[in-house]
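What follows draws every value from the coordinates through simple rules; no lab data is involved. These numbers come from a predicted model, not from an experiment. Neighbour counts run over all protein chains shown; Cβ positions are idealised from the backbone, glycine included.
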Amino acid sequence: LEDLRFGTRFGQVEYLTPNTLDQGRYGAYGVILAPFACDLTAGQAARLRRYVEGGGVLVADVGFDCIRGGKVLTGMPADTRALFGIGSLRVSAAKRGPWRVTDEGARLLPGLVAGQETSALGEYGLEAQPASAVALLRGPGGQGLFAHRVGRGLALFCSSLGWSFSPARDRVVRALHEGLF
């Protein structure tokens with residue numbers, strides 16, 4: 001996100017704060033990055049779901065909607081887990097190691113190459129078990145980046161603080177951004 005404040009080759013990036021989230025015209029955005037959006041109201045979460053259903057792309061990482069779900073990462077509400085196609089979340093010991101692009105990830109997003117590795121998406125002791133999502137990247141111990149088709153859109157969930165700390169210069173992160181935008 002620090003790199004994105006300068007914009008992308010696709011245009012400038014606009015930042016919506018919790019105070020302006022309800023005022024934004026979501027239809028104007030092709031992609032909404034929501035790193036650690038942990039203090040959403042039920043109405044904001046529902047509006048983001050409608051955005052995805054209508055063809056938008058929502059990218060989130062750990063903590064998304066977790067405060068409404070009980071202030072713990074494993075307490076994400078069932079409707080939010082369903083949006084991302086995640087069956088369960090479990091806090092466990094953090095595991096180090098590279099994240100690899102899966103075959104499904106390479107098929108879903110242009111620019112991703114199956115087997116390509118990155119360690120830029122970081123580590124966190126959170127394992128996500130997909131229900132209907134497809135793993136774009138797999139990390140050690142159930143970590144990963146998961147994509148779920150919802151209506152005409154796509155909801156992506158990263159089981160680390162990936163979008164907050166991953167540098168845009170990393171080749172896999174760059175390919176992800178280009179594929180999403």
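In percent, rounded to a whole number, the relative contact order of the chain is 24, using alpha-carbon pairs under 8 Å and six or more apart. I want the local charge near Y51. Using Cβ-Cβ distances under 12 Å, sum +1 for each Lys or Arg and -1 for each Asp or Glu among the other residues. My count for the surroundings of Y51 gives +4.
Note on the chain: with a GNM built from Cα contacts shorter than 10 Å, the maximum mean-square fluctuation among G144, G24, G111 falls on G24. Under the criterion of Cα pairs below 8 Å and six or more residues apart, the relative contact order for segment 49-153 equals 30 percent.
Taking a ≥ b ≥ c as the square roots of the eigenvalues of the alpha carbon gyration tensor, segment 46-165 is oblate, as a/c is not under 1.5 and a/b does not beat b/c. Taking every alpha-carbon pair under 8 Å whose residues sit at least 6 apart, segment 142-181 reaches a relative contact order of 27 percent. Near A128, once Lys and Arg are set to +1 and Asp and Glu to -1 for all other residues with Cβ below 11 Å from its Cβ, the sum equals +1.
Charge tally around G115: other residues with Cβ under 14 Å, Lys/Arg +1 each, Asp/Glu -1 each, net +1. Here r is the Cβ-Cβ distance between Y15 and R152 and R0 is 22 Å; the resulting FRET efficiency, rounded to 0.05, is 0.30.
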